[in-house]
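Q: First the structure, then my questions, so here it is.
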Amino acid sequence: MVVADPTTLIIFRVKGSLELRCQLDSTEASHIQKVLSRTFESLHAQMKSESCVFTVCNTPVIIWPNKDVFEGITPDSPCEDVLQRIQSDDPENGGKRATKKKGKKDLSVNVISLRLMMEVTKPGPLSAPVISKTVQKSHFLSATLPLDCAVRTHCKDTIKDVCDQLLEALTQQLCEMEKVMLQHMKGSTLLTAEPLHFLLPEPKGLVTVVFPAGVPDKELEAQRRELHQRFELPDDRPYFRRANVYHFPNEHYKDGYLRNPHHALTHPTLENGKVFMVQGIYSYHHYMQDRMDDNGWGCAYRSLQTICSWFQQQGYVELPVPSHKEIQQALVDVGDKQASFVGSRQWIGSIEVQAVLNHLLGITSKIMFVRLQWWQLNLRLIGVAGGGVLAHTILGVAWSESTGQIRYLILDPHYTGSEDLQVITEKGWCGWKGADFWDQTAYYNLCLPQRPRVI
């Protein structure tokens, strides 16, 4: 049973589909637009009809929102009552590689999934079927519209209020779908629409945007720029690329990598301390992943992969995270290594990390030659520190201006175990380190990738 406190946020997410079907007497654009608009009117009528049904997944709760009929729950029931009906035996976030050892579950946000359905049977006497046949030439348009709406509520809000919000959101989404399909119509060719969720900085929160399906991000810059203006967002970073789509807490990443393990840590306590940490999502890459035995030589490769994952998951690049061989080939291509380097077990350092980022991703980096215990970092993304034969990923810094105390948030690529968040954080593979973590006699090459100014 899930027990929620009064501050718990709940996301109600309803998914379903409606069939868009219409008969066209002509393929002229003006005729298609008129017929399409009439068809959407009928879909709006369906959404407002008494046949519209919400079912709460993993519960016997069924709701007819337009009839105010609630089966298995009362309209005035708080949302936390629905939580208590849902079984909470799903595995923790962390992907398919997660082990049975689990840390404390984060109940700050819960997701309740609903299905949108349309009741097709009606009470009353059955009439005999009538069959008619009409012979004429016409075009028939058929498409499935994937509806997907989400609203954020508090656990004390009533289920009736939530259903009203979801109905309003679904109606608005149909309007956006019609607008997008008409806007991107080319001649008699229609593109379907896809709803995507994005989590914006507070107080804007979770928003849903409808984009034309199949159109690449590079062709949607005008739409993204309009969205940035509507939500008063800066124009120096992506917020509405497909890589920025919100990953709901009840969905697992299919690739099995841990995301943002530092979120399980608490900040160090420093007098008048300031904390600077990576913003956004990254994947934790370390020794022995991907069926690659790189124990003892692959630490900088893994740090580089973590950095690449950050640029990918923030929407700056669309390339997948490069493999060891692809990294080696990139260094050969730029003339840094001989052809025999590809397939070898030779280690690389921060300079090579900078070269690969520039060649494969088009990302520029600053290289600093420092003693890290003397230096303070103002981080908003990820850096790599290489010294001697070791490389580490720096995720953040906590620094006290009054005492000079400093702590580094380190993601250690030398970890060889499974994707066990509890082990990784408790054993210090991801954790805050003091200045004595670094070799006091060594100098380090610090690679600081720079964030591109794009949307």
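Q: Largest first, how would Arg152, Arg451, Arg230 line up by accessible area (1.4 Å probe)?
A: Highest to lowest solvent-accessible surface, that is Arg230, Arg152, Arg451.
Q: With no solvent and one point per C-alpha, what does the Debye sum give as log10 I(q)/I(0) for segment 232-335 at q = 0.12, 0.19, 0.21 Å⁻¹?
A: -0.55, -1.12, -1.23
Q: Taking the Cα centre of the chain as origin, sum charge times position over the Cβ atoms of Lys and Arg (+1) and Asp and Glu (-1), and report the length of that vector in debye to the nearest 20.
A: With Lys and Arg at +1 and Asp and Glu at -1, about 580 debye.
Q: Using the crude model of +1 on Lys and Arg Cβ and -1 on Asp and Glu Cβ, and no other charge, please compute the dipole size for segment 143-211 relative to its Cα centre, in debye to 20.
A: 120
Q: Which ³J(HN,Hα) values in Hz, rounded to whole numbers, follow from the phi angles of segment 61-76 under the Karplus curve 6.51 cos²θ - 1.76 cosθ + 1.60, where θ = phi - 60° and Gly and Pro get x?
A: 6, 10, 10, 9, x, 8, 10, 6, 9, 10, 9, x, 6, 9, x, 8
Q: Another question about this same structure. First compute the accessible area of segment 213-365 with a 1.4 Å probe, then give the percent of it belonging to carbon and sulfur atoms.
A: 48
Q: Related question: With each pseudo-label sitting 7 Å past Cα toward Cβ, what's the Asp81-Phe248 distance in nm, one decimal?
A: So the two model labels end up 2.3 nm from each other.
Q: Here's another thing I want to ask about it. Using a 1.4 angstrom probe, figure out how much accessible area the chain has per residue, in square angstrom, rounded to the nearest whole.
A: 52
Q: Compute the distance from the alpha-carbon center of segment 428-442 to that of segment 178-216, in whole Å.
A: So the two Cα centres are separated by 46 Å.
Q: Quick check of the Kirkwood formula: for the chain, what is the inverse mean of 1/r over all pairs of different Cα atoms, in Å?
A: Computed over the chain, the radius equals 25.5 Å.
Q: When all protein chains stay in place, what accessible area (Å², nearest 10, 1.4 Å probe) is found for Thr189?
A: Approximately 80 Å² for this residue.
Q: What does the charge dipole of segment 261-449 about its Cα centre add up to, to the nearest 20 debye, if the Cβ of each Lys and Arg holds +1 and the Cβ of each Asp and Glu holds -1?
A: That gives a dipole near 260 debye.
Q: Between His154 and residues 5 or more places away or on another chain, which pairs have amide H atoms under 5 Å apart, with H built 1.01 Å from N, and which residues are they?
A: Close amide H contacts, sequence-distant or interchain: Ile10.
Q: Using the C-alpha atoms of segment 261-449, what convex hull volume per residue, in cubic angstrom, is computed?
A: Expressed per residue, the convex hull around the Cα atoms of segment 261-449 is 112 Å³.
Q: Sorted by accessible area (1.4 Å probe), largest first, how do His197, His359 line up?
A: Heavy-atom accessible area, descending, gives His359, His197.
Q: In sequence order, what are the phi-derived ³J(HN,Hα) couplings for segment 341-358 according to the Karplus relation 6.51 cos²θ - 1.76 cosθ + 1.60 with θ = phi - 60°, rounded to whole Hz, with x for glycine and proline?
A: For segment 341-358, the Karplus-derived couplings read 5, 5, x, 8, 10, 7, 7, 10, x, 4, 5, 5, 4, 4, 5, 5, 4, 5 Hz, x marking Gly and Pro.
The values are calculated or read from the model by the stated rules, or taken from the named source; none is laboratory data. Just so it is clear, the structure is predicted and the values come from calculations on it, not from any experiment. Note that we place each Cβ from the backbone using ideal geometry, even for glycine, and neighbour counts take in every protein chain shown. Heavy atoms of the whole protein, side chains included, go into the accessibility calculation; ligands, DNA and RNA do not. Shrake-Rupley method; radii C 1.70, N 1.55, O 1.52, S 1.80 Å.
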